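Please read the structure below before turning to the comments.
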Amino acid sequence: MSSKTMSNKTEIPGVWSDEDAYGVYKRVVRLTNGGGQTAVRLHSRRIGTARWVRNRLSLAGDTQAVTVTITRRINDSDASITTTCTDDVGLREAVQRAETAARVVEARHDNFLFDAPLLPMLRPMLWSEHTVQETGASRAATAAKMMASAEAAGCLSAGTLQTTMDSHMTMTEKGIRRFYPETTVECSLTVRNPQKNASGWAGVNHYDIAKIDPQALAAIALEKCQQSASPQKIEPGRYTVILESQAMADLFAPLIGGPPGSENNLMSRPIAEMGIGPFGRPGGSRIGEYVIDRRLNVRSDPMDPDGGFVPFEEQSGEPYQPVNWIDQGMLKELAYMYGYGVTRLNRGEGLPCPNSYRLTAAPGVPTANVAEMIAKTERGILVTRLYDVKVVFDPSVLCTGYTRDGVWFIEHGKIVRPVTNFRFRESPLYVLNNLLDVGVPIRVYAPGKSWVVPAIRAKDFLFVGTADAV
Amino acid sequence: MTRRQFVTTTAGMAAALLASPAWIRPAAAYAAAPKPESPEVKSLVVAALSAATDSGATYADVHFTVIHREHIWNASSPPIWVRSAPLDDYWRYVNTTPGQSIIVGIGVRALIGGYWGFAGFDGVPTKDAAVTLGKSAAAQAREISNGPRRVTELGPAPAHVANGSWTMPGIDPLSVPLTEKLDFLHMLMDEALRAQPTGGSGCAIRVARCEQTFASSDRAYTTQITYTTGADWDVAMQKNPEYPGAPGIMADSMTVAGAGWEYLCTQPIPERARELLDTSARLQFHTQSTPGRYDLVCDAYTTAALVDCTLGRATELDRAMGYLANSVGTSYLSDPVEMLGTEAIGAPAVTVTANRSMEKGAATVHWDDEGIVPSETALVTQGKVTDFQTTRESASWLAPAYTRVGKPVVSNGCAHAVGGTTPLTQRCPNLVLQPGAGTLSFEELVKNTKRGIAAIGVRPSTDFQALNGTGGGEEHQHLVEIVNGRLGQILENAQFVFRAPDLWRSVTALGGPTSARAFGFERSRDVGDPGAPRYVSDSSWLTSNRVAHTVSAVPMIVSNMAVMNVL
């Protein structure tokens, strides 16, 4: 199905079509001066929002945004500018500013931004008419139902339901022409009790609103709130841990959830081959080594039925291909852009890393759901999600952060009581090497990304202190 | 060619398709973004406002915002530990990358029946489109006002300002040629590498100009131009071959400020470079920390960062009242109405005031984004909570407390509209930790400490209630042993752990007025936003929603601080 068909089944207000975006590109090129090369990225979006706090809708919003990023290369010097002014006057000023900057900065001889070949691009389904047809009234009605259960239970609900229509375009004078539309729903809520000693959360994002169940999310958040009231303190230390899917995704985020492409990203091959980060070693990388439990795979695939994503890297237009980053525990690939592939690896294409992925059990590995994991746990901790996960030591991706919105102590195969939040110090690589059980992956809440992640049970997870925030 | 169309999606509005050219105003003989005081902007703003009020809004306001940003970064590459080129060759490795952004947007808020509606658009719209935005905002509000009753009280309206205009003093940083900015960056690199050719340095300039026009149905109309200027500059010496990863020191004298280009170009760069390199050289030697409890001597930067991440967040009233529960969290000041005037959260020496008038303050304005002239207020007075950061709406939530303590129910002026397409929220004002009465400096606090730990350039972080936190254990942040009043070795992988009320109650000494220094901090209210960029090359700031404020603080001693090993 062509993108034109997907985007133009209903002509979408505020979201630019392929032809409109190409028209901007042509106008930009006409406005350039002084030769060189030009690349244009355009991102248009229409966002509808319903937000509520304390069981009342607080805001209904409808916004449109368009940003155009123009890169001019003159004599091997690059400069970029992003603007929201898409008329001729605005584009002319933007082009002039970019050209002025490009004429002043030093030439770069390692930037292959404009040189990536035009390779075929996959075409995942990322457009949902159900999402498109959402209106302010329907969002408000959904939000009202989501609040109702919390209010009936005497609790306070706060949340957001947001539907978005986007189109993404990248074009270069060397022939790259990429365009992709998508829809997104982000739905999340937090329920707190009036005593302020309990909080529960649930959320998800997806392209199709028909594939999410807001009322189920509301029920989960309310249940977690009610079951986490009056938490007790227990000693920090090493415990068997059950990380629900959201918590596992929060912990894995520093590895693959960073900026897409390959710079400033721990999946970067250039970074690793300089000996930096968890996958580096002096003079090379750890490709070919086992880095996590052999029962696990990590894969990015734009065509993933639950976790599809825009199929090209927006700065360069390089397509994302299906990649098994980690296969049965072995590191198989690291990311690089076209220039690195050509100059260092003798490959005629890049392997950019999207910030979307699926973590899953390898074929043939049995899975367990959270209830089964609890039943198997003699003594452990169940965690809903994590907050403020920060890397404190790159070589092992050692992270610190906090648990949030529901933590329970498990004993003899049963949840015994809610406990206060913890501060933790762990590495996703350590945790995935201490694996006991893995679940079936589900889509989790990751705005702007597609993460499909299972719950996992692991041993010896280090909680370094308690944190009595609720 | 398919024409871009716009349809309002709220019930009660007929689906109206507007062709794409109709939303974008025709080319004209002026610069891309019209000036805030121009007749064109006035006509757009007034049209949107009138449309909202004519559609039944009991209150409406409009923000037309132009934000022009530049981010230019320089880094020596490859990284220092594989680089060995002599100074003359280092330009081979220097990458200079300039980025710019011009973000123009218009946003309309409308209040009907206690509910807010919002409509926003990026770009310069036609007058018809501005009218459509006004109607859409009102329609959004009316749609949700059919639900349960909700009361929204707005505090007193701003004093009537028919045509107020204010421009921040200083050299507009966007008027400075790029060549001059590149010369400045090259000077930073030169000075950093001159003393130690096999060391390393990275630097970046970030500057912004924000032009905003505001109009409200309370007859306020203001235009305002503010600047933000700052630089990130880190240097590292490689002197000790046993520690090839020499400690990088981040300059704290050029953090983001509400100032023009003169803030950077008048800095004594050679002296700053020597100070940074001396500090880096002194901190070459490491030792393991012994977990335990220590007196923590915080430099002014660490103290400012502690004020920011604890009291600065905890006193955001919308956060304290649960309005951000589903995003960045709540506050340990969980009952503002009861706590105001009664809750002791710090030692009697601790007083923190808030303002939006500090010279070079990153949150300094003449009017906030509801047209209020912000007033200075004391958030913490002698250790007790005495106020919160408020807007016109949120001030009314504290009415019972304000009445109890004899204060008027008025906004403190913290309203903030982030560009055109984000609804109005609040932002942290500039904060001031009042100095101690004496003349103590950081050096004297160290000298007076027999056994302790010094926190130099530490930026702590806290949990989602700003309650529990940690500091240290990250790049550019150093905990250093103090032995018999002298700084010793860096404590490898050390981190201090605190609980905010306990920390502020344990303050035993504060630096004097001459030790006060001001630093800029940035943050966003988006969940997942990493806050200040971790790398000088991070250009996400060009289009981010992060806003800055300044914290003025003095060095201090906190007794009995828990210190542990990160690894």
field: Residues in the stretch B:308-325 occluded by at least 30 Å² - accessible area, probe radius 1.4 Å, against chain by itself
entry: B:MET321, B:TYR323, B:ALA325
- line: For chain A, averaging the sequence separation of alpha carbon pairs under 8 Å that lie six or more residues apart and dividing by its residue count, the contact order in percent is 15
Mean Cβ count within 10 Å, highest first, over the residues of peptides B:182-189, B:256-263, B:107-114, B:169-176: B:107-114, B:256-263, B:182-189, B:169-176
query: Could you give the distance between the Cα centres of the stretch B:474-513 and the stretch B:285-299, to the whole Å?
result: 7
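When only C-alpha pairs under 8 Å and at least 6 residues apart count, what is the relative contact order of the stretch A:260-419, in percent?
This gives 20 percent for the stretch A:260-419.
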query: For B:LEU340, which sequence-distant residues (separation of 5 or more, or a different chain) have an amide H within less than 5 Å of its own amide H, given hydrogens modelled in the peptide plane?
result: none
- line: The Cα extents of chain A along the principal axes, largest first and rounded to whole Å, are 73, 58, 40
In order through the stretch A:371-387: 3J(HN,Hα) via Karplus (6.51 cos²θ - 1.76 cosθ + 1.60), integer Hz, x for Gly, Pro: 4, 5, 5, 4, 4, 8, 9, 6, 7, x, 10, 9, 10, 7, 7, 10, 9
field: For the pair A and B, total buried accessible area rounded to nearest 100 Å², probe 1.4 Å
entry: 7200
message: For a quick check: with amide H placed at 1.01 Å from N, whose amide H comes under 5 Å from B:GLU370's, ignoring anything fewer than 5 positions away on the same chain?
response: B:ALA415
query: When the accessible area of the stretch A:238-320 is split by element with a 1.4 Å probe, what percent falls to carbon and sulfur?
result: 46
Phi to ³J(HN,Hα) by Karplus 6.51 cos²θ - 1.76 cosθ + 1.60 over the stretch B:118-125, Hz, x for Gly, Pro: 9, 9, x, 8, 8, x, 9, x
task: Would you list which lysines come within 30 Å of B:LYS42, measuring only between C-alpha atoms, while excluding same-chain residues fewer than 8 positions from it?
output: B:LYS127, B:LYS135, B:LYS360
- prompt: If you count, for every residue in B:136-146, the Cβ atoms of partner chains within 10 Å of its Cβ, what is the mean?
  reply: 5
- prompt: Considering only the other residues whose Cβ falls under 12 Å of the Cβ of A:ILE374, what net charge follows from Lys and Arg at +1 and Asp and Glu at -1?
  reply: -1
- request: May I ask you to order B:298-311, A:126-139 by the average number of other C-beta atoms within 10 Å around their residues, highest value first?
  value: B:298-311, A:126-139
Percent RCO, i.e. relative contact order, over the stretch A:50-115, from Cα pairs under 8 Å lying at least 6 residues apart: 27
- request: Using a 10 Å cut-off on Cβ to Cβ distances, tally the other chain neighbours for every residue of B:167-175 and report the average as a whole number.
  value: 0
- request: Rounded to whole Å and ordered largest first, report the semi-axes of the equivalent ellipsoid of the protein assembly as shown derived from its Cα gyration tensor (root of 5λ).
  value: 38, 35, 34
- prompt: What lysines could a cross-link reach from A:LYS174, if we take a straight Cα to Cα line under 30 Å and drop same-chain neighbours fewer than 8 places away?
  reply: A:LYS4, A:LYS26, A:LYS449
- request: Would you kindly give the portion of the calculated P(r) for the stretch A:296-397 that falls above 20 Å, as a percent of all Cα pairs?
  value: 59
- prompt: Taking R0 as 51 Å, what's the FRET efficiency between B:ARG486 and A:THR343 from their Cβ-Cβ distance, rounded to 0.05?
  reply: 0.50
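Averaged across the residues of A:399-409, what count of C-beta atoms belonging to other chains lies within 10 Å of each residue's C-beta?
2
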Karplus (6.51, -1.76, 1.60) ³J(HN,Hα), θ = phi - 60°, over the stretch B:225-232, in Hz, Gly and Pro reported as x: 10, 10, 10, 10, 9, x, 9, 9
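The values are calculated or read from the model by the stated rules, or taken from the named source; none is laboratory data. Remember, it's a predicted structure, so these values are computed and weren't measured experimentally. Reconstructed Cβ throughout: ideal geometry from the backbone, glycine too, with neighbour counts over all protein chains shown. Quick note on the areas: whole protein, heavy atoms, side chains included, nothing else; ligands and nucleic acids left out. Shrake-Rupley method; radii C 1.70, N 1.55, O 1.52, S 1.80 Å.
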